[in-house]
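The values are calculated or read from the model by the stated rules, or taken from the named source; none is laboratory data. Small disclaimer: the values here were computed from a predicted structure and weren't measured. Cβ atoms come from the backbone with ideal geometry, glycine included; neighbour counts cover every protein chain shown. Heavy atoms of the whole protein, side chains included, go into the accessibility calculation; ligands, DNA and RNA do not. Shrake-Rupley method; radii C 1.70, N 1.55, O 1.52, S 1.80 Å.
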Amino acid sequence: MTSSGLQPRQDGDAALRLLRDGELDLEGRLVDASNTTLRGILTLDGITARCVYKPVRGERPLWDFPDGTLAGREVSAYLVSRATGWGLVPPTVLRDGPFGPGSCQLWIDEPEDAEPLVGFLPAGELPPRWIPIAAARDDDGTAYALAHSDDPRLARLAVLDAVINNADRKGGHVLIGADDRIYGVDHGVSFHVEDKLRTVLWGWAGKQLPADAVEMLDGLAGQVAGALGAELADHLTISEMTELAARIDRLRETGRFPQPPEEWPAVPWPPM
């Protein structure tokens, strides 16, 4: 965020207007990203905020996702997140930019003193209410555990990932905003018709969904069949929309978090 005071949740409409209509000046490239990912500054009517701009032309071809669709999937993840009422994905739009059409998402500045919720920790030294996910060793053979906090905010993000079939929930894609809310970013490889859920948030696998998640899913099913579905149709295929509705129905029927798949790696690489 910037000194403008614009907050992704409190000022959602203002943020969307800024993202869609603001003048976009690029600052530089985020070199660790696999696809072209650029940071910029948006300005509109005296309001400024940083953003992440991902042009379609910079998307790396993938064998399992259609070319040129990742930006639309980023927007779709925001639309679903907004419909849940949980505000887990920063405001995101599809707009034209210096390198053509692409997704444009509000930048989240993490406070310097923010406590990470996911990470590699020395084995046997996990803080209270942390859940180990996988074992690892460093180059010296020291044992570590990939783990995450048993935090209800993370549990909500795990539910959202199951809904959108997120194939790349790395620990580094979980951010803590200045408003002490958590945000998930990088959703370009979501909404596939096949089950591709890969995440570091497996701590609740097979456990009962929280009551608020069950209530949310009931409402979300109706929205996908209505206005939300009409919005998503601009970015997703009919088959992807059908499978989205089916995943929601399965979660409602089982009332439990999904289990890790056995046919392919359940945790993305690198995990962080």
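On the stretch given as the stretch 224-269, residues that are among the charged types (D, E, K, R), within 17 Å of His192 (Cα to Cα) and open to solvent by 70 Å² or more (accessible area, probe 1.4 Å) total 3.
The sole residue among Val80, Val163, Val174 that is at pLDDT 95 or above, crowded, with 22+ Cβ neighbours inside 10 Å and in contact with a Lys or Arg (Cβ under 7 Å, 6 or more places away or on another chain) is Val163.
Based on this model, can you work out whether Ala211 counts as more than 20 Å from Arg73 (Cβ to Cβ), open to solvent by 60 Å² or more (accessible area, probe 1.4 Å) and aliphatic (A, V, I, L, M)? It is true that Ala211 is more than 20 Å from Arg73 (Cβ to Cβ), open to solvent by 60 Å² or more (accessible area, probe 1.4 Å) and aliphatic (A, V, I, L, M).
On inspection, Ala213 passes the criterion of being small (Gly, Ala, Ser), part of a helix (DSSP H, G or I) and farther than 28 Å from Asn35 by Cβ. On inspection, Glu263 does not qualify as farther than 26 Å from Val93 by Cα and either among the hydrophobic types (A, V, I, L, M, F, W, C) or assigned to a helix (DSSP H, G or I) (or both).
Evaluation of Met272 against the conditions (1) part of a loop (DSSP other than H, G, I, E, B); (2) of a type in the set (A, V, I, L, M, F, W, C); (3) modelled with pLDDT of 95 or more shows that the sole unmet condition is (3). Out of the residues in the stretch 119-160 meeting the condition of being in contact with a Lys or Arg (Cβ under 8 Å, 6 or more places away or on another chain) and part of a strand (DSSP E or B), tell me which one is surrounded by the most Cβ atoms within 10 Å (Cβ to Cβ). The qualifying residue surrounded by the most Cβ atoms within 10 Å (Cβ to Cβ) is Ser149.
The strands (runs of 3 or more DSSP E) falling completely within the stretch 1-118 that include 2 or more residues that are under 22 Å from Asn166 (Cα atoms) and among the aliphatic types (A, V, I, L, M) map to 92-97.
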